[in-house]
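What follows is one structure encoded as structure tokens, with my remarks underneath.
A short reminder: the numbers here are calculations on the coordinates, not readings from a lab. The structure presented is a predicted model; accordingly, all values stated were derived computationally and were not measured. Note that each Cβ is placed from the backbone with ideal geometry, even for glycine, and that neighbours are counted across all protein chains shown.
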């Protein structure tokens, strides 16, 4: 996609270095393994002490060839990192007039207006597609999601609380969750409208409501069905399913986009 700033992708040349060069290996004894010692990622999904599926682990978004941007060699991303509507027919994405004009404007800027290119927070749900790992820590009443990208976090409350009325809009919103069988359903509201849904520049408003249905298919594979419900921006909700793979025996690093950042001064 030539409509995406090269600066965004160049930053990932640094970001996607293997974490194994930074941490010594400490094999996780809870991971089922094959006879050769390799993790058995197709084993049965684990259960937590309360009987719920245990989502804990370090997860990496899956990449695919359709996530390769034009003119950027040796880099492949999740298709939804590039375009949340990658699986949808054009007529499915029904913009409100103001959103259609803004999306066209963002495409014309070739990504130079992307907040991510200026080290602004990526926001939800885009941060789930970033080609960097994130860690899920699960307890009965609270799930923490720790992102390596910009060293940010989310809290998903399972204790029945709800966001206060007229809460201050946030980049990551306010998340609550509940279990439906083996699927964790996360409901997030209270966003600001400052971040993009993807690197093409699909917009959203502060009225966006996000539903993520998180399911651990087996020991090593996770899927997140994401629904973006934002009537101010789209006539119909948008839904896509992101898949992730467990990164066994690894952990997160700190990462800050703003550290030694030099690209913005070159934008024209």
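Starting from the Cα gyration tensor of region 95-178, multiply each eigenvalue by 5, take the square root, and state the resulting semi-axes largest first in whole Å.
After diagonalising the Cα gyration tensor, the semi-axes are 29, 18, 10 Å.
Given a Förster distance of 22 Å, report the FRET efficiency between residue 33 and residue 137 from their Cβ-Cβ distance, rounded to the nearest 0.05.
The value I calculate is 0.45.
Provide Rg over Rh for region 21-179; use the alpha carbon set for both Rg and the Kirkwood Rh (inverse mean inverse pair distance).
1.01
Listing 88, 200, 116 from the residue with the fewest other Cβ atoms within 10 Å to the one with the most, what is the order?
Fewest to most other Cβ atoms nearby, the residues stand as 88, 200, 116.
Going by a ≥ b ≥ c, the root eigenvalues of the Cα gyration tensor, does region 145-196 fall in the rounded group (a/c under 1.5), the prolate group (a/b larger than b/c) or the oblate group?
Taking the square roots of the gyration eigenvalues as a ≥ b ≥ c, region 145-196 is oblate.
Could you give the length gained on full extension between residue 47 and residue 249, defined as 0.36 nm per residue of separation minus the Cα-Cα distance, in nm?
Residue separation times 0.36 nm, minus the Cα-Cα distance, leaves 70.8 nm.
What is the calculated FRET efficiency for residue 89 to residue 209, with r their C-beta to C-beta distance and R₀ = 30 Å, to the nearest 0.05?
So the FRET efficiency works out to roughly 0.85.
What is the spin-label model distance, in nm, from residue 98 to residue 64 if the labels are put 7 Å beyond Cα along the C-beta direction?
Each label point lies 7 Å from its Cα, and together they span 3.3 nm.
In nm, to one decimal, how far is the modelled label at residue 24 from the one at residue 167, with both set 7 Å along Cα→Cβ?
4.1
For 137, 224, 214, which order do you get if you count the other beta carbons within 10 Å of each Cβ and list the fewest first?
Ascending number of Cβ neighbours within 10 Å: 137, 224, 214.
Using only the alpha carbons of region 161-268, determine the length spanned along each of the three principal axes and report them from longest to shortest in whole angstroms.
For region 161-268, the Cα spread along each principal axis is 51, 41, 27 Å.
Only counting other Cβ atoms within 10 Å, I'd like 24, 42, 109, 78 sorted with the fewest neighbours first.
24, 42, 109, 78
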